[in-house]
Amino acid sequence: MSDDWKPGTKAVHAGTKRSQFGEVSEAIFLTQGFVYESAEHAEQRFIASGPDEYIYGRYGNPTVAMFEERIAALEGAEDGFATASGMAAVSGALMSMLKAGDHVVSARALFGSCLYVLEEILTRYGVEVTFVDGTDLDQWQAAIRPDTRAVFFESISNPTLQVIDIEAVSALAHAQGALVVIDNVFATPVYSRAFEQGADVVVYSATKHIDGQGRTLGGVILGSTDFIRNTVEPYMKHTGGSMSPFTAWVMLKGLETMRLRVRAQTATAQAVAQALEEHAGLNAVIYPGLAAHPQNALVQRQMGAGGTVLAVDVKGGKDAAFAFLNALKIGVISNNLGDAKTILTHPATTTHQRLPEDQKASLGIAPGLVRISIGLEEESDLVKDFLQALDAVK
Ligand SMILES: *Cc1c(COP(=O)(O)O)cnc(C)c1O
């Protein structure tokens, strides 16, 4: 690969390794282990394995390495470690770097499982976690202390689509020596410039836009070679959350088309948000790409686009939201996002069900809130479907 390749070229070619057969498509090395030429060779490989020298599937695999190299090249990271799911990436990034007594500051508005890891798991191992309103820089400043080891946030939060200022929070964190760990799913690798903006570690659920067609679960942790090889890899290879070669092959295929899909989905999300913005049946349309969104200027500066997900607050609460969902003819009710199919989710009763009512209210997870992940369908068909489903709410 050449470093001056543009992202479109890297998405198709970066990280490609060919076997002696010279295959065009990436090979799936579906093997748990690798044969050594001799006992001495095995011994040597356990002392130090070089590039393209593998030991065991949990430690690394050629197909997985191709995915790691390609996504790292696209994101502008030195290195990456692929994981079995997005949550293996989030928990692996944090658990591998933290120890009892460390302090973490996190934005409060998080994907349900991320919140569980920070609130319930890290604290069980003696890590102190302070939650802040991620959009309020004064709260970050007040919470980050000299003993803060890491800050964590979703650059666009799930499901309320708050945008967090990566540059500003990174400056505050770095001033106290803390690492900046970003869950960047909603930004997508297409619009992310997180490393330029100050991130030390970026994690993705590859299940979302990287697969992009809802087939497999996967994730990746991206960062410096030192961090990935000396902090993340020992943790992941011994705890077992590594990506399977088959999944890596699906993800490599996904990366080839990700830029085309995500841009098309973003353009449709923007058009749908604008078409629904003034609808009388909605209390609100939340989409970072709308001029009315409180962080619209920030998202334009940080990403240059609003992303593929919007949310609407249907007037009439849960019953009205359910009536809207049940009347849809194209969008499906499920919980993935970044899929080629438009997917709608009612966070209050599904992904964020376990939260107490007051916490839902403070996070903006209203009873009428519906998250909409825009797919690759024709924009006019989607708008027509949403409008008829809103008409059905009575
Ligand atoms: C989906 C998601 C995850 C978890 O990813 P999985 O692949 O489902 O484990 C983490 N963070 C965010 C923001 C997500 O949307």
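The values are calculated or read from the model by the stated rules, or taken from the named source; none is laboratory data. Every value quoted in this text rests on a predicted model; they were computed, and no experiment measured them. All Cβ positions, even for glycine, are placed from backbone atoms using ideal geometry, and neighbour counts span all protein chains on display. Heavy atoms of the whole protein, side chains included, go into the accessibility calculation; ligands, DNA and RNA do not. Shrake-Rupley method; radii C 1.70, N 1.55, O 1.52, S 1.80 Å.
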For this session: For every other residue with a beta carbon closer than 15 angstrom to the beta carbon of ASP313, add +1 if it is Lys or Arg and -1 if Asp or Glu, then tell me the sum.
Result: +1
Problem set entry | For region 190-204, Karplus couplings with θ = phi - 60° (6.51, -1.76, 1.60), whole Hz, Gly/Pro x | 6, 9, 6, 10, 4, 5, 4, 8, x, 5, 9, 9, 10, 10, 10
Problem set entry | Cα shape, region 36-174, gyration tensor, a/c 1.5 rule | prolate
Exercise. Using a 1.4 Å probe on the protein chains only, how many percent of the accessible area of region 7-254 belongs to carbon and sulfur?
Worked result: 52
Exercise. Taking every pair of alpha-carbon atoms in the chain, what share in percent sits in each 10 Å bin, from 0 to the bin with the longest distance?
Worked result: 5, 23, 32, 24, 12, 3, 1, 0
Problem set entry | Heavy-atom surface of region 70-151, accessible at 1.4 Å and reported per residue (Å²) | 36
Exercise. For region 131-200, what is the charge dipole size about the Cα centre, in debye to the nearest 20, if Lys and Arg each add +1 at the Cβ and Asp and Glu each add -1 at the Cβ?
Worked result: 140
Problem set entry | Extension gain from ALA42 to ASP138, taking 0.36 nm per residue of separation minus the Cα-Cα distance | 29.1 nm
Seminar exercise, completed: Along region 164-179, Karplus-curve 3J(HN,Hα) (6.51, -1.76, 1.60; θ = phi - 60°) to the nearest Hz, with x for Gly and Pro, reads 10, 7, 4, 4, 5, 5, 5, 4, 5, 5, 5, 4, 10, x, 8, 7
Seminar exercise, completed: Note, GLY241: beta-carbon cut-off 12 Å, +1 each Lys/Arg, -1 each Asp/Glu, net +1
Seminar exercise, completed: Subtracting the Cα-Cα distance of ARG145 and ASN230 from 0.36 nm times their residue separation yields 28.1 nm
Exercise. Rounded, prolate or oblate: which fits region 290-394, taking a ≥ b ≥ c as square roots of the Cα gyration tensor eigenvalues, rounded meaning a/c under 1.5, else prolate when a/b beats b/c?
Worked result: oblate
For this session: Work out the charge dipole of the chain with +1 on the Cβ of Lys and Arg and -1 on the Cβ of Asp and Glu about the Cα centre, then indicate which of ILE47, TYR125, ALA109 is farthest towards its positive end.
Result: ALA109
Exercise. Put a dot 7 Å past each Cα toward the Cβ at ALA392 and ILE121; how far apart are the dots in nm?
Worked result: 3.7
Seminar exercise, completed: Over region 323-394, with neighbouring protein chains present, the accessible area per residue in Å² at probe 1.4 Å is 45
Seminar exercise, completed: With +1 on the Cβ of every Lys and Arg and -1 on the Cβ of every Asp and Glu, the dipole magnitude of the chain about its Cα centre, in debye rounded to the nearest 20, is 700
Problem set entry | Positive dipole terminus of the chain, leading residue within SER19, THR351, PHE322 (C-beta point charges) | PHE322
For this session: Mind telling me which of TYR235, TYR116, TYR59 comes out most flexible in a GNM of the chain, alpha-carbon contacts under 10 Å?
Result: TYR116
For this session: Pop out the ³J(HN,Hα) list for region 298-312 in order, Karplus 6.51 cos²θ - 1.76 cosθ + 1.60 with θ = phi - 60°, rounded to Hz; leave Gly and Pro as x.
Result: 5, 5, 5, 5, 7, 10, x, 6, x, x, 9, 10, 10, 9, 10
For this session: Would you mind pulling out the separation of the Cα centroids of region 165-206 and region 270-308, in Å?
Result: 22
Exercise. Where does the chain land at 222 nm, in deg cm²/dmol rounded to the nearest 500, when only DSSP H runs of n ≥ 4 count, each adding -39500 (n - 2.57), divided by all residues?
Worked result: -11000 deg cm²/dmol
Problem set entry | Test item: Cα-centred dipole of region 126-242, Lys/Arg +1 and Asp/Glu -1 on Cβ, debye | 480
Problem set entry | Net length gained if the chain between VAL24 and GLU53 were fully extended (0.36 nm per residue, minus Cα distance) | 8.3 nm
Seminar exercise, completed: Note: probe point = Cα of GLU78 + 7 Å toward Cβ; backbone nitrogen < 18 Å; residues of region 190-215 passing the test are 194-203
Exercise. Which entries in the list LYS10/LYS208; LYS253/LYS329; LYS208/LYS329; LYS208/LYS394; LYS6/LYS208; LYS253/LYS315 go over 31 Å, if you measure between the two C-alpha atoms of each?
Worked result: LYS208/LYS394; LYS253/LYS315
Problem set entry | Beta bridges per DSSP with both ends in the chain, % antiparallel, nearest 5 | 55
For this session: Have a look at VAL190, HIS174, MET66 and report the one farthest towards the positive end of the charge dipole of region 7-254, computed about the Cα centre with Cβ charges (Lys/Arg +1, Asp/Glu -1).
Result: MET66
For this session: Would you work out if region 155-272 is rounded, prolate or oblate? Take a ≥ b ≥ c from the square roots of the eigenvalues of the alpha-carbon gyration tensor; rounded if a/c is under 1.5, else prolate when a/b is larger than b/c, oblate otherwise.
Result: oblate
